[in-house]
Amino acid sequence: MAITITMGIQKGGCGKSTTTGILAYLMSQDYKVLAVDMDSQGNLTELLSEHVSNDFVGSSVLEAMQQGDAKKYIYEVSDSIDLLPANNFLATFPRWIYTSKTYNGEYVPFKKNPSLALDELLDQVRDEYDFILIDTPPSLSEQTTNALCASEYVVVMYECSNWCYSAVPNFMDSVKGAREFVHTETEVIGILRTMNDVRRSDAKAFNEIIEEDYPDLVFNTIITRKAPIGRLSLYGFKENKELNQAIIQYKDFYKELIDRVQNR
Ligand SMILES: Nc1ncnc2c1ncn2[C@@H]1O[C@H](COP(=O)(O)OP(=O)(O)OP(=O)(O)O)[C@@H](O)[C@H]1O
Ligand SMILES: [Mg+2]
């Protein structure tokens, strides 16, 4: 039975998609992984598939939820990574769950709990994977709520800055909301400090503040800003001469994460 982990924070540009992609890649050396893109930007989709997200119009996680068929929409990235892709039309997900109208005007009734559309979809395939990793958009939207409610664990992405710092408490409340209002078992497994600019004293200060606030949750690994990590969006995982430099820091995070998951 898969363990499902969401990468989230409503602040934009904190490394959610990059982290989800690298984690999927690292996990796939040891496990069978399903990556789920719940962000209409489709960045995880483009990173893993090396196709533009528009190539998946009509064949994405949105149609999978609307038709109640996960397998039909799974895209095979490699032997051990599958992907439920996303594109811009995922932005119409809230309209569909509240009005039953799809983006192309069809009527596809949705009468269940609006927070559990993804959870119910993933139930169809959980026994085929060791891990399911979900990337979320930079908002506390229905896409994020669905991801939280479909997950056992959440990694809070923390870019070392003031605006990300101020986003954390509300994000924590959203995770709590998933537990209390929808009765899921969702819990935060850790806070990952990312995109750390080692030359900036304010970044150092925000690293320390979050550690003081959540001493049991922060991972020891801090991901720094590195050009090869940024260029993953260009070169991907297959023919990337600097892949090792891009993923090296993430190997320590991966070890810490697996340790925590195994010791729960
Ligand atoms: N450690 C890093 N060093 C340098 N660049 C990075 C690093 N991590 C991510 N990036 C780059 O920073 C940008 C934001 O990262 P990413 O898209 O992963 O964040 P995100 O949280 O998913 O953003 P959004 O909220 O828009 O979904 C991207 O251009 C990415 O390539
Ligand atoms: Mg993203």
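The values are calculated or read from the model by the stated rules, or taken from the named source; none is laboratory data. Not measured: the values here are computed from a predicted model. All Cβ positions, even for glycine, are placed from backbone atoms using ideal geometry, and neighbour counts span all protein chains on display. Each accessible area value is taken on the protein alone, full model and side chains, heavy atoms only, with ligands, DNA and RNA left out. Shrake-Rupley method; radii C 1.70, N 1.55, O 1.52, S 1.80 Å.
If the condition is being part of a strand (DSSP E or B), within 13 Å of GLY12 (Cα to Cα) and open to solvent by 10 Å² or more (accessible area, probe 1.4 Å), then the range 144-163 contributes only GLU159. For the range 1-59, a residue qualifies if it is among the hydroxyl-bearing types (Ser, Thr, Tyr), open to solvent by 10 Å² or more (accessible area, probe 1.4 Å), more than 12 Å from ligand 1 (Cβ to nearest atom) and not in a loop (DSSP other than H, G, I, E, B), and exactly one does: TYR25. Residues that are free of Cβ contacts under 8 Å to residues at least 24 places away in the same chain and assigned to a helix (DSSP H, G or I) within the range 68-110 comprise LYS72, TYR73, ARG95, TYR98, THR99, listed in sequence order. Among the residues making up the range 1-41, those that are near ligand 2 (Cβ under 9 Å from one of its atoms) and hydrophobic (A, V, I, L, M, F, W, C) are MET7, CYS14. Scan the range 128-145 for residues that are within 13 Å of ligand 1 (Cβ to nearest atom) and of a type in the set (Ser, Thr, Tyr) and jot them down. Of everything in the range 128-145, those that are within 13 Å of ligand 1 (Cβ to nearest atom) and of a type in the set (Ser, Thr, Tyr) turn out to be THR136, SER139, SER141, THR144.
The conditions of being assigned to a loop (DSSP other than H, G, I, E, B), over 27 Å from CYS149 (Cβ atoms) and either away from ligand 1 (no atom under 13 Å from the Cβ) or not aromatic (Phe, Trp, Tyr) (or both) are not met by PRO228. Comparison of TYR107, TYR73 shows that the only residue that is open to solvent by 60 Å² or more (accessible area, probe 1.4 Å) and of a type in the set (Ser, Thr, Tyr) is TYR107. Among the residues of the range 193-215, is there at least one that is assigned to a loop (DSSP other than H, G, I, E, B), under 23 Å from THR136 (Cβ atoms) and either in contact (Cβ under 8 Å) with a residue 40 or more places away in the chain or open to solvent by 50 Å² or more (accessible area, probe 1.4 Å) (or both)? So far as the range 193-215 goes, yes, one or more of its residues are assigned to a loop (DSSP other than H, G, I, E, B), under 23 Å from THR136 (Cβ atoms) and either in contact (Cβ under 8 Å) with a residue 40 or more places away in the chain or open to solvent by 50 Å² or more (accessible area, probe 1.4 Å) (or both).
Confirm whether THR99 is among the β-branched types (Val, Ile, Thr) and either crowded, with 24+ Cβ neighbours inside 10 Å or within 16 Å of ligand 2 (Cβ to nearest atom) (or both). No, not satisfied.
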